[in-house]
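**Student:** Here it is, the structure, as C-alpha cells.
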Amino acid sequence: MSYSPNLSSAFNDTRMRSGQTSFSGMCSLCSEHCVGTCEIGLSAMRGEIAVYPTNSGDNQVASEKIMPVDYSHFNINGRVFGAAGIEADAGQATIFNVKLERTIGRLHPVRVAMPVVLPAVIKLDWKDYFAGAAMAGVICVIGENALGKFKDVEYRDGKVVRFESLKEIFDSFRRYDRGYGQIVLQCNWEDNARGLPECAIREAKADAIEFKFGQSAKGTQPAVRIRTLEEALKQQENGAIVYPDPSDPKIQEAYGKKACPNFFSYSRLPMWTEEYLKERIEELRAMGLKNVYFKMAGFDRADMERVLRIAASCHVDMVTFDGAGGGSGYSPCKMMNEWGYPAILIEAALAPVCRQMEAEGLMLPDLAIAGGFTMEDHVYKALALGAPYVKAVGLCRAPMAAAMNGKKIGELLEEGNLPPHIQKYGSTKEEIFADLSELRWIYGERADQFAAGAIGVYSYLKRIAFGLQHFAALNRKFDVSKIDASDLIPLTREAKEILGGTWFSR
C-alpha cells in the first residue's frame, strides 16, 4: 500500500476520476478526454506555481499523508495504587489537584499554566490566537516574516526603521497577560538581516526572540510569485532575492513583450553558525532581550543534535522541534507530505542525544514538540514519550481553529442566526461560552468585552488542560513533571521498538 495521498488534494481543489494505482497516485484509467482535474492536470496549466497550494488564502493547510507510525500506536497506561506528587489521600488526590504549571527557561524563567506552547503564526485570526494564549497562560509565537504581512513597514538602507503594527501584535497578548506565558517574536534569516529584532526590542519592548532554523511543513523557505515588474523592483530594493533579476534591462524588455519568466521573491535559507548566534544573542541581550528560543524541525539527525548543542552553548531557553504532519501557511504541497521526520520519531531521536549531552555536563535547553497535535491524548502521549526533556507540546492549527470558530459563533450570535446545533446550549454569550464566568473571576467585568474568538482559544485550552488532568490522575501522577514513558502502552511492533523493545513497562 502507499501511505502518500493520491494526486488529488484539498490544497488545490484537485480530484481523481477513477481509483488510483498504489505508488504513482494517478487514476488507474487515464483518458485523453479528461479536462485535467488532478494534480497533473493542474500542473499542465499552471507549471511551477502548482508546487504551492493555490488555496492558500484564508485557510490552514497541513499534511495529507497517512504516517505509517504515529501516537495512535500507543494507548495510555493506568494505575490504581498510590499517588505521586501529592499525599495519598482520596480527598486530596483528585483531578482538580493535578499540577500542570511548569517553568520554562534558564536565565529568566517563564511560568506557564499548562505544558503547552502555541507555535508561530501571523495570519488568520492572530489577535484572538495571542489573546487566548495570554488568558490560558501559555507561551505563544509571532510567525516569521511579519514584515511581509503589514503595509506600515518602513525601511532605510535595507533595515526596518518603523513597524507600528508590531506594537498592536504584542499588545494583543499583553493586555490579557496575567503573569503566565509570554509572547515571542520569531525571526528567520531575512527578518534578522533586516534588523527586525532591534526594531522589536526598541519599538515594541519585545523581551523574547525565536530564531528559526526550519519548520515541519517548510523545509526550504518559500518562493512567492510576484505578478508585476514594479512590485518585483520594490521587493528587490527592500533586500529580497528576486528571480529573474527585475533590474536587468533584458528582463524588463521581455516583461514589456509579455515574454518573461515569472517573478519570484525568495527568502534566503538560514546560514546560522554557533559563532554568529552566540555573538548575535549577546548583542540583543545587551539591548534588553530576556529570553531566547530556537525553532527547529525534522531535519537530518546530525543537524538536530547540532542545534541542541548550539542552544546549550548560547543558554537558549527552549527549542521547539516541529514534526512532519503539522502545517504551515504557504508551503510546497509535496514538501508538507513527503519531507521530514514525524514528531514521534523526532522524540525518539532526541532522547539519546539529550542523555549524551547531560553525561557531558552540558545544561540542556527545555524542549517542545509540535507537529499535528490537537487533543489532550496527543499532548499526554508526547509529554510521556519525550520525558524528561520535552516540557511542552505545540498546538497550532487547533487553537487557531478554535479562534476562528469562536469568532464566527460570536458573529452569528450578534446576528441572531445561531445554527441549530448551537442553539441547544442557549442564546446568549454567557450561555454559549461556558467559561465566560471563569474569565470574569480572573479579569473582572472587563471579561464581558472579550472577543468571542479569544474566549474560544481559552476554552479550547481549558479542555486540553482538564483532559490532561484526567490522564495524569488515571496514572496516579498529580504533577505533570512526573509523566514518563511508563505511562505508554505500545499497540504495534513499531511502537514497541520506539519504547526500547518492551511490551510492558517495569
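**Student:** Would you kindly work out the equivalent ellipsoid of region 334-477 from its C-alpha gyration tensor and give its semi-axes, the square roots of five times the eigenvalues, largest first in whole Å? Please report the intermediate quantities before stating the final value.
**Tutor:** Working: eigenvalues 281, 67, 37 Å².
Working from the Cα gyration tensor, I get semi-axes of 37, 18, 14 Å.
**Student:** Which of these values of P(r) over Cα pairs in 10 Å bins from 0, in percent was calculated from the structure shown: (i) 4, 17, 26, 27, 18, 7, 1, 0, 0; (ii) 4, 19, 30, 29, 15, 3, 0; (iii) 4, 17, 25, 23, 15, 9, 5, 2, 0, 0?
**Tutor:** (i)
**Student:** Right, next: Roughly how many debye, to the nearest 20, is the charge dipole of the chain about its Cα centre, given +1 on each Lys and Arg Cβ, -1 on each Asp and Glu Cβ, and no other charges? Don't jump to the answer; show the numbers that get you there.
**Tutor:** Details: 59 positive and 63 negative charges, 67 e Å.
In debye, rounded to 20, the chain gives about 320.
**Student:** Here's another thing I want to ask about it. If a paramagnetic tag sat 7 Å from the Cα of Lys99 along the Cα-Cβ line, which residues of region 471-506 would have the backbone N under 11 Å from that point?
**Tutor:** Answer for region 471-506: 478-482.
**Student:** I'd like the FRET efficiency for Ala254 and Lys149, computed as 1/(1 + (r/R0)^6) with the beta carbon distance as r and R0 of 30 Å, rounded to 0.05. Don't skip to the answer; put the middle values down first.
**Tutor:** Numbers: r = 31 Å, r/R0 = 1.02.
Here the calculated transfer efficiency is 0.45.
**Student:** Where does each of 239-250, 437-448 land if you order them by average Cβ count within 10 Å, highest first? Intermediate values should be presented prior to the final figure.
**Tutor:** On the way: 239-250: 15.2, 437-448: 13.0.
Answer by packing, highest mean first, reads 239-250, 437-448.
**Student:** Among Gly158, Pro119, Asn145, flag the residue with its Cα farthest along the positive direction of the charge dipole of region 113-170, charges on Cβ as +1 for Lys/Arg and -1 for Asp/Glu.
**Tutor:** Result: Gly158.
**Student:** Here's something else I'd like to know. Lys/Arg Cβ at +1, Asp/Glu Cβ at -1, dipole of region 406-506 taken about the Cα centre: which of Ser459, Leu474, Leu488 is farthest positive-ward?
**Tutor:** Of Ser459, Leu474, Leu488, it is Leu488.
**Student:** To the nearest 20 Debye, how big is the dipole of region 32-190 about its Cα centre, given +1 on the beta carbon of each Lys and Arg and -1 on that of each Asp and Glu?
**Tutor:** 600
**Student:** May I ask which residue of Pro342, Leu385, Leu42 lies farthest towards the positive end of the charge dipole of the chain, with charges of +1 (Lys, Arg) and -1 (Asp, Glu) on Cβ and the Cα centre as origin?
**Tutor:** Leu385
**Student:** Helix 126-136 versus the longest principal axis of the chain: what is the Cα-based angle in degrees, 0 to 90, to the nearest 10?
**Tutor:** Roughly 10 degrees between the two axes.
**Student:** OK, next. Skip the ligands, DNA and RNA, and give the accessible area per residue of the chain with a 1.4 Å probe, whole Å².
**Tutor:** Each residue of the chain exposes 47 Å² on average to a 1.4 Å probe.
**Student:** To continue, here is another question. Just the C-alpha atoms of region 90-195: what Rg/Rh do they give, with Rh taken as the Kirkwood radius? Each step should come with its number before you reach the end.
**Tutor:** Numbers: Rg = 16.9 Å, Rh = 15.3 Å.
Ratio of gyration radius to Kirkwood radius: 1.10.
**Student:** Where both partners of a DSSP beta bridge lie in the chain, what percent of those bridges are antiparallel, to the nearest 5?
**Tutor:** On the way: 21 of 54 bridges.
Around 40 percent antiparallel, to the nearest 5.
**Student:** Mind checking which lysines have their Cα closer than 28 Å to the Cα of Lys257? Skip sequence neighbours fewer than 8 apart in that chain.
**Tutor:** Lys257 reaches Lys234.
**Student:** Does anyone have the angle between helix 397-415 and the longest principal axis of the chain? Alpha-carbon axes, 0 to 90°, nearest 10?
**Tutor:** Here the helix axis deviates by roughly 90 degrees.
**Student:** For the pair Trp441/Glu282, report the inter-label distance in nm, with labels modelled 7 Å from Cα in the Cβ direction.
**Tutor:** 4.9
**Student:** What do you get for the angle between helix 274-287 and the principal long axis of the chain? Use alpha-carbon atoms, 0 to 90 degrees, nearest ten.
**Tutor:** It is inclined by approximately 70 degrees.
**Student:** If the label point is 7 Å along Cα→Cβ of Thr374, which residues in region 394-417 have backbone nitrogen under 20 Å from it?
**Tutor:** Counting backbone N atoms under 20 Å from the label point, the list is 394-409.
**Student:** Val161 to Phe504: FRET efficiency via 1/(1 + (r/R0)^6), r the Cβ-Cβ distance, R0 60 Å, to the nearest 0.05? Working shown, then result.
**Tutor:** Working: r = 62 Å, r/R0 = 1.03.
In this case the efficiency is close to 0.45.
**Student:** Given R₀ = 22 Å, FRET efficiency for Ala312-Asp484 by Cβ-Cβ distance, to 0.05? Write out the running numbers ahead of the final one.
**Tutor:** On the way: r = 22 Å, r/R0 = 1.02.
That gives a FRET efficiency of 0.45.
**Student:** For the chain, what is the mean residue ellipticity at 222 nm derived from helices alone (per DSSP H run of n ≥ 4: -39500 (n - 2.57); sum divided by total residues; nearest 500 deg cm²/dmol)? Write down the numbers at each step before the final one.
**Tutor:** Details: 18 runs with 185 residues, N = 506.
Per the formula, -11000 deg cm²/dmol.
**Student:** Then there is this: Using the alpha-carbon centroid of each, what span in Å lies between region 166-185 and region 422-491?
**Tutor:** For region 166-185 versus region 422-491, the Cα centre distance is 20 Å.
**Student:** Okay, moving on. For the chain, which whole percent of the accessible surface, found with a 1.4 angstrom probe, sits on carbon and sulfur atoms?
**Tutor:** Numbers: 12170 of 23630 Å².
Using a 1.4 Å probe with all protein chains present, the chain comes out at 51 percent carbon and sulfur.
**Student:** So how far apart, in nm, are the two label points at Leu29 and Leu107 if each is 7 Å from Cα heading toward Cβ?
**Tutor:** 6.7
**Student:** On to the next question. What distance in nm separates the two pseudo spin-label positions at Thr220 and Arg79, each 7 Å out from Cα along the beta-carbon direction?
**Tutor:** Going from the Thr220 label point to the Arg79 one covers 4.9 nm.
**Student:** Further question on the same structure: Sort Arg227, Arg280, Arg355 by heavy-atom solvent-accessible area, probe 1.4 angstrom, most to least. Before the final figure, lay out the partial values.
**Tutor:** Details: Arg227 175, Arg280 10, Arg355 135 Å².
Most to least solvent-accessible, the answer reads Arg227, Arg355, Arg280.
The values are calculated or read from the model by the stated rules, or taken from the named source; none is laboratory data. Keep in mind that what you see is a predicted model, and the values were worked out from it rather than measured. Using ideal geometry, Cβ is built from the backbone for each residue, glycine included, and neighbour counts are taken over all protein chains shown. Accessible surface areas use protein heavy atoms only, side chains included; no ligands, DNA or RNA. Shrake-Rupley method; radii C 1.70, N 1.55, O 1.52, S 1.80 Å.
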